[in-house]
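Have a look at the structure below before the remarks.
The values are calculated or read from the model by the stated rules, or taken from the named source; none is laboratory data. These numbers come from a predicted model, not from an experiment. Cβ coordinates were reconstructed from backbone atoms using ideal geometry, including for glycine residues, and neighbour counts include every protein chain displayed. Accessible surface areas use protein heavy atoms only, side chains included; no ligands, DNA or RNA. Shrake-Rupley method; radii C 1.70, N 1.55, O 1.52, S 1.80 Å.
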Amino acid sequence: MLRYLLRQLGTMIPTFFLVMVISFMLIHLAPGDPVNRYSGQISLSPEARQALLVKYGLDQPLPVQFVTYLETLFQGDLGKSMLSGRPVIEMIGERLPATLLLTLSSSTLAFIGGNVVAVLTARRRWLDFGASLIGYVLFSMPTFWLGIILIIIFATQLDWFPTSGFTNARESYTGLAYALDVLHHLALPCLTLVLVELPGYYRVARASIGETRQEDFITTLRASGLSQGTIFRRYALKNALLPSLTLFGLSLGYALSGAALVEIVFAWPGVGRLTLDSVLKRDYPVLMGIYLVIAISVMAAILITDIVYAFIDPRIRYQS
Amino acid sequence: MDDQKKVGVFESLVRSERNGISRREFLRRGLALGLSLPAASGVIATVLGAPVRVFAQDAAATKGGQGTLVVEQSGDPVSFNPNYTIDDFGYPIAFNTHSMLVTLSQDVEVIPDIAESWETSEDGLTITFHLVQNAKWHDGTPVTSADVKWTYEKIVSTEGAPGRDNLIMLESVDTPDDYTAVFNLSSPSSQFLGFLAWYATFLLPKHLYEGTDWSTNPVNQTPIGSGPFKFVEYVAGDHITLEANPDYFGEGPYMDRIVYRIIPDAATLEQAILNDEVDVDISGLFPTDSLANVEADGRFTTVEKVYASNFYIVFNHGRDITGNIEVRRAIGEAIDRAQIVERGLSGAGTPVNTYYTPVISWANNSDATAPDYDPENSKALLDEAGYPVQADGYRFKLSFPYLAFGDAWRSIAQVIQAQLREVGIDSELVELEPSAWNARVATDDNYDITYLAGFLGPGPGALKNRYGTGGGINFWHYSNVEVDKLLDEAASEPNAEEATAKYKQVQALLAEDIASIPFSGAATTFVYRKEISGLPVPGDAAGDILGFGNFALVQRASS
Amino acid sequence: MTVQNLDTSPNLKGFRGWLLRPFYSSAWKRFMKSGYGPVGLVMLIALIILATAAPLLAPRDPFSIDGPRLSPPDADYFMGTDNLGRDMLSGVLSGARVSLLIGIIAAGISAAVGIVVGSISGYFGGWIDIFFSRLTEVFLITPSFFLIIVVVATLGSNFVYIMIVIGLTTWATNARLMRVQALALRERTFVQAALVLGESRRRILIRHIIPNGLAPIIANSTLLVANAILIEAGLSFLGLGDPNVTSWGQMVFIGQRYLRNAPWISFFPGLAIVFTVMSFYLLGDGISAVLNPRRQLLDE
């Protein structure tokens, strides 16, 4: 098992290196003068420009710059924002709670919901058809559109939830009241994401269940006289749920990237909006930092999912 | 002026054209200077006695106690230091956390803020400001002239400070006593006071900034100012909270807290307002077409603010097609202004065909007009100019980048594109963020037409920037020797009437040359709850004593 | 004594037979049985017909701003008009072309790159495999929306750029699928035989590996087309769409602000997006059913 783990880790290292190369290139490939970008669009005299060049090490040849970049990275420094001078890590860090709250909760609910629906509809044909149909429709909706519709229905018309934001601006709650307030605000954006993600899990789970039931071992069990229901619950279910577990694991890795469209519609203070703002303002250090953080997170998620899978299915360990 | 500088000047002016308050703010200020400084003259003959701030000594309400005001904000501020860089989303907040020496009223007059009065010397080289004596920084330290000296000398000496170029004639600041600051100018300037009241000229605490790099000083994240509200917290992406400053030197504040909620999407903002989650929107984000709903609702007040600005189409005079005056005339005749206002601006504007703004009527030459709408003649002109319709149905294709300032700007571009197509001119729209637009238009010269909203700067003297050869924002290579001569003469003309006449002549020449095609004025509508008063907006007295965005006098009537 | 002809297979001779043969194959039968496939196919065909015939069907120039603003659907304007006075019906029809084009070309590029990278990687193995696998992994890791936003914001919102960028950021899954196929196929007898017979490795790749490994890519591509259309809608919402074309995404985005005053602006293009995306998903499911007979979505 350990060997498997190390082997997987080993393959990730060159990938990560490539990720860092790409991240470094982000700022240098974009058209325009990098110094202008670092100076935040203010006019400069030649002396000031030269000073900035030196300050950011832009006067060095590219390979040297890359090495410097790697050095700072390994010290845990993701650089500083070009516009505000704040450390990128701080800027990403302050958005993480809101982001993770939204993406983790919606992914988890979608995963559970999708599998539950798949199991429930597996043997009832008409339910299955109905669920599939609804699933297709939801899957195909633009999230921002769904979002504003939910706002209009549940916030404006029914007044069950607030329209947007992380907390209630008028009151300053603490403790339990604060937590409840955040949950109250979380409901609609989370619902939007769940509605578009759940059908995905449903499809995968449903297909997998369908496949598993036709496996030989199931047929054998049927022949032995066990009822369909028992077979399903005790044997088929576990195996059938594996593929959607992989999907879930991967989506956990992407949780850090936020959900830009939903965040904008619901004014949710997540990393997705930070990404968009940074792109529009050309704040490359922040973009690079976000990219690296996401890459690390996804790679970790892939690694963990692989391990969990290998744990459950010993064949995998011995195969590769 | 070398290219970098041109770009910088232009950017500093255009930058304020961003969505939301700052663009409008900028335009307002431009109007302010236009009105209050009629003669772009070099000599100030009169000694201006500034109005002394009137305090309502027996103000009905006591400070604080009115609860929380929730204000819309459409983006995140970069920092809370309003002087070191252009920060459109930090600006509205700075009005409450910081003070200026002088500021601009709703009617665009220079009014006192922390300087309660001032005198200008006969030769115009010295301005003496008298500060209020009870102002304190939010950390309790008194505000003195030392802070004034430090702040303004810092601005003028720091390259890259947005306020620097405008205040460049400031040589030094003397501080004969704690509450008097004497500004020494290298040359007299009728614009100086206006610029001082304008942009990126807030007072910063010397004791916290001296000796540090003001662009990275941690105080930028938790500001200490002298304004009516103190900074409490900033939850990135969500909100900024301010609380009342009980030691504020002026009247008020009456609200206990102000919370700026960051809502970037217009549709969501509308829902938030309807749901009582936002009290005030002076950011201009509210969708114009939904105003009717809100007005009919009965819970809200809407106020229209007309700016002294023109939207105008700009030609690249350096290119063959657009350099041809007959083509420009044809394009001018293809433009239906009423339709642009109705469809592009959703009615938030008025058709304009003069080369200055009719809002500053005394400086506007109403006879110097751009071509009228006449699509049939336009087609004939194009045929005559040698651009017949080709096989694909169009005569030629223009590259048309425009600024990504939101839905209205995109709609305007699309309407213009459609109108040009009617006469057989195709165009390719390219939506660009300000820095990208700048790179493409100013630096790379890669466009045929584009359009801008006319920010006016200090009076008709601003025409020089745009239409004078080599002008700071004259990226379109327009050049007329006669115009240059008149502009220079008017700038140094001591007699105000003569100067104005010359500026009007300039406009006549611009019309003759069809230098650009103005098409609309600009307006925006503010939306806020009926029970709120004391907002520095048109129709409220607070606008005459406070700068825009300063909520010191805001009150909420109890229902 | 005559022998009864027990051969019940259909007469598939001649030209007519050649045309009809595919429809008698077991693959086709599986496709039809899947239930979803045929529905998707019909929807898609209808869509393609509408899109191709758009210039003929559209009553007006979709860019013409002559109509009344924000006018509800009526006899004159079947789907109403938008905030600029443009006819929605014409807009939706011509938007069909734009959206389909974006979807198909983006998916096409994605498939092409994925096939090339995956097949080379899987077939040749060794260092080539290691390098390309790492590269594929990098692109798998990067959230494609992130990359797309960065590229479009930096290089411009040209319609063509958007298509290419979407294609170039989503090829990784295709590459992985193709690689797995290539790995399996290269052990097959007929491939080994070709090698022994002296066919160059390049020819084997092109003539044997790729065509036989295509199937899952095709199924995945239908998903990609659907996703590309949704991504374009998202880009329009962020203001990064191409203002020169009418796409459904842009129309939905414009309609966001008018959901109460003029809901038809969002409704019709939104409906069109859902319809189109659904048709591709259904088609994809049908193809999956063909490829993997055990993967029945509908129960027996």
- Considering the range B:483-502 alone, what residues qualify as being crowded, with 16+ Cβ neighbours inside 10 Å and acidic (Asp, Glu)? B:Asp484, B:Glu493
- Query: How many of the residues making up the range C:246-278 are part of a loop (DSSP other than H, G, I, E, B), of a type outside the set (Phe, Trp, Tyr) and more than 20 Å from the chain's Cα centre (by Cα)?
  - Reply: 6
- Subset of the range B:189-217 [closer than 21 Å to B:Ala462 by Cα and either over 24 Å from the mean Cα position of the chain (by Cα) or of a type in the set (S, T, N, Q) (or both)]: B:Ser189, B:Ser190, B:Gln191, B:Thr201
- Message: Residues to consider are B:Ala292, B:Ala266, B:Ala272; find the one that is under 22 Å from the mean Cα position of the chain (by Cα), among the aliphatic types (A, V, I, L, M) and within 14 Å of another protein chain (Cβ to nearest Cβ).
- Response: B:Ala266
- Message: I'd like to check something: does the range B:211-227 contain any residue that is aromatic (Phe, Trp, Tyr), surrounded by fewer than 24 Cβ atoms within 10 Å (Cβ to Cβ), away from chain A (no Cβ under 14 Å) and in a loop (DSSP other than H, G, I, E, B)?
- Response: no
- Only one of these is outside any helix (DSSP H, G or I) and open to solvent by less than 10 Å² (accessible area, probe 1.4 Å): B:Val232, B:Val259. Name it. B:Val259
- Identity of the residue in the range C:277-290, β-branched (Val, Ile, Thr) and surrounded by 24 or more Cβ atoms within 10 Å (Cβ to Cβ), that ends up nearest to the other protein chains (Cβ to nearest Cβ): C:Val277
- Does C:Leu214 qualify as being open to solvent by 10 Å² or more (accessible area, probe 1.4 Å) and in a helix (DSSP H, G or I)? yes
- If you go through the range A:173-189 one residue at a time, do you hit one that is closer than 25 Å to A:Ile134 by Cα, within 13 Å of another protein chain (Cβ to nearest Cβ) and of a type in the set (Gly, Ala, Ser)? no
- Can you name the residue in the range A:198-217 that is part of a helix (DSSP H, G or I) and farther than 27 Å from A:Leu133 by Cβ and, of all such residues, is most open to solvent (accessible area, probe 1.4 Å)? A:Asp216
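Quick grid of which residues meet (1) touching a residue at least 40 places away in the same chain (Cβ under 8 Å); (2) of a type in the set (Ser, Thr, Tyr); (3) surrounded by fewer than 19 Cβ atoms within 10 Å (Cβ to Cβ):
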| position | (1), (2), (3) |
| --- | --- |
| B:Lys504 | yes, no, no |
| B:Gln507 | yes, no, no |
| B:Ala523 | yes, no, no |
| B:Glu531 | no, no, yes |
| B:Gly534 | yes, no, no |
| B:Ala541 | no, no, yes |
| B:Asp544 | yes, no, yes |
| B:Gly547 | yes, no, no |
- Among the candidates B:Asp139, B:Asp107, B:Asp174, single out the residue that is among the charged types (D, E, K, R) and either within 19 Å of the chain's Cα centre (by Cα) or on the phi > 0 side of the Ramachandran plot (or both). B:Asp107
- Just one of B:Asn310, B:Asn245, B:Asn324 is modelled with pLDDT under 95 and open to solvent by 30 Å² or more (accessible area, probe 1.4 Å); which is it? B:Asn324
- Item | Unmet requirement for C:Pro263, which otherwise passes all of (1) more than 10 Å from chain A (Cβ to nearest Cβ); (2) open to solvent by 30 Å² or more (accessible area, probe 1.4 Å); (3) at pLDDT 85 or above | (1)
- Query: For the range B:327-350, how many residues are part of a loop (DSSP other than H, G, I, E, B) and surrounded by fewer than 19 Cβ atoms within 10 Å (Cβ to Cβ)?
  - Reply: 2
- Unmet requirement for B:Leu420, which otherwise passes all of (1) at pLDDT 90 or above; (2) closer than 30 Å to C:Ile149 by Cβ; (3) open to solvent by less than 50 Å² (accessible area, probe 1.4 Å): (2)
- Message: Suppose we keep only residues that are open to solvent by less than 40 Å² (accessible area, probe 1.4 Å) and of a type in the set (S, T, N, Q) within the range A:230-279. Which one would you say is modelled with the lowest pLDDT?
- Response: A:Thr230
